[in-house]
Amino acid sequence: MSIKIIQGDITKLSVDAIVNAANPSLLGGGGVDGAIHRAAGPKLLEECKSLGGANPGQAKITHGYDLPARWVIHTVGPLWRGGKEGEPIILKRCYENSLCIARSYELRSIAFPSISTGAYGYPIEEASEIALSTIEWFLENCAYYEMEVICVLHNKRDYEVYIQTAKILGIDYEV
Ligand code: APR
């Protein structure tokens, strides 16, 4: 099992689940959160209202509604405050908890955006190391069936950072 790294729009992917970089309310926002809610339609927000929010690092699942993806896993990344307030472990938990939910639903394909590297200001070089190493560890130690994990970067620079990080860390990846 290897990690796929692509550049694109996560709302267009026909996968079992896409991950949303949400805020603690889970009631929508800007960035990828806004794009997912726009593409999914109003029923997504209705279901999100029943979730009762989430803490940073937590993940919760809803249906995908008008999205090509069947499910949306909403996770709340850390707001970057310089890196000494637990941001790395919270970001790691976002990936771990999202993957655990995907496994519990026996999902075969899951796509992640680059969590916290937009409005939340997490430097993408550090964030990509956490994302890729956490996903690789999970696939090697926790996935008991074939699971495809895709990292979807919205722009060329972020895509190139993820590719460079995968090469530096020696992580097996596809493009
Ligand atoms: N497909 C894939 N990636 C996307 C898309 C998209 N359609 N739109 C944005 N992105 C990327 C951004 O380029 C960034 O790399 O998602 C990453 C995360 O950026 P944000 O969406 O700003 O999320 P984040 O940094 O985690 O901040 C979360 O922003 O939108 C609000 O409600 C959200 O308050 C929360 C905060």
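What follows is calculated from the coordinates using simple rules that are stated; it is not laboratory data. Just so we're clear, the structure is a prediction, and the values are computed from it rather than from any experiment. Cβ placement follows ideal geometry from the backbone for every residue including glycine, while neighbour counts extend to all protein chains displayed.
At a glance:
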| read-out | value |
| --- | --- |
| Cα-based equivalent ellipsoid, segment 1-66: semi-axes from gyration tensor eigenvalues, Å | 20, 14, 11 |
| Label-reachable residues, segment 15-29, where backbone N falls under 15 Å from a point 7 Å from LYS49's Cα toward its Cβ | 26-28 |
| Residues whose placed amide H lies under 5 Å from that of GLY64, excluding near-sequence neighbours | TRP71, VAL72 |
| Cβ-defined net charge surrounding SER104, 15 Å radius [Lys, Arg +1; Asp, Glu -1] | +1 |
| Likely footprinting exposure, HIS74, HIS154, HIS63, fewest C-beta neighbours within 10 Å first | HIS63, HIS154, HIS74 |
| Virtual spin-label span in nm between ILE89 and GLU106, 7 Å along Cα→Cβ | 3.5 nm |
| Residue-wise HN-Hα coupling along segment 159-164, computed from phi with Karplus coefficients 6.51, -1.76, 1.60 (Hz; x: Gly, Pro) | 4, 5, 5, 5, 4, 4 |
| Net charge dipole size for the chain [Lys, Arg +1 and Asp, Glu -1 on Cβ; Debye, nearest 20] | 400 debye |
| Net charge of neighbours whose Cβ lies under 14 Å from the Cβ of HIS63, counting Lys and Arg as +1 and Asp and Glu as -1 | 0 |
| Taking PHE138, PHE112 and counting other C-beta atoms within 10 Å, the order from fewest to most | PHE138, PHE112 |
| Alpha-carbon centroids, segment 71-121 and segment 3-62: separation in whole Å | 11 Å |
| Under 5 Å, built H, 5+ apart or other chain: amide partners of SER109 | ASP16, ALA17, GLU148 |
| Under-5 Å amide H pairs with GLY28, H placed in peptide plane, nonlocal only | ASN23 |
| Normalised alpha carbon radius of gyration of segment 71-175 [divisor 2.2 N^0.38 Å] | 1.02 |
| Karplus 3J(HN,Hα) series, Hz, for segment 118-128 with 6.51 cos²θ - 1.76 cosθ + 1.60 (x for Gly, Pro) | x, 4, 7, x, 5, x, 5, 4, 5, 5, 5 |
| In order through segment 87-94: 3J(HN,Hα) via Karplus (6.51 cos²θ - 1.76 cosθ + 1.60), integer Hz, x for Gly, Pro | 4, x, 5, 5, 5, 4, 5, 4 |
| Over the chain: helical MRE at 222 nm, DSSP H runs n ≥ 4 each giving -39500 (n - 2.57), nearest 500 | -12500 deg cm²/dmol |
| Neighbourhood charge, 15 Å Cβ-Cβ cut-off, centred on ILE163 and excluding it, Lys, Arg +1 and Asp, Glu -1 | -3 |
| Likely footprinting exposure, SER2, SER109, fewest C-beta neighbours within 10 Å first | SER2, SER109 |
| Segment 72-130: chymotrypsin sites (Phe, Trp or Tyr not before Pro) in DSSP loop, at most 16 other beta carbons within 10 Å | TYR105 |
| Dimensionless Rg over Rh [the chain; C-alpha; Kirkwood] | 0.93 |
| Paramagnetic reach from MET1 in segment 142-165 [backbone N under 13 Å; point 7 Å along Cα→Cβ] | 142-150 |
| Residue among ILE124, GLY82, ALA102 farthest towards the positive dipole end of segment 1-135, charges placed on Cβ | ALA102 |
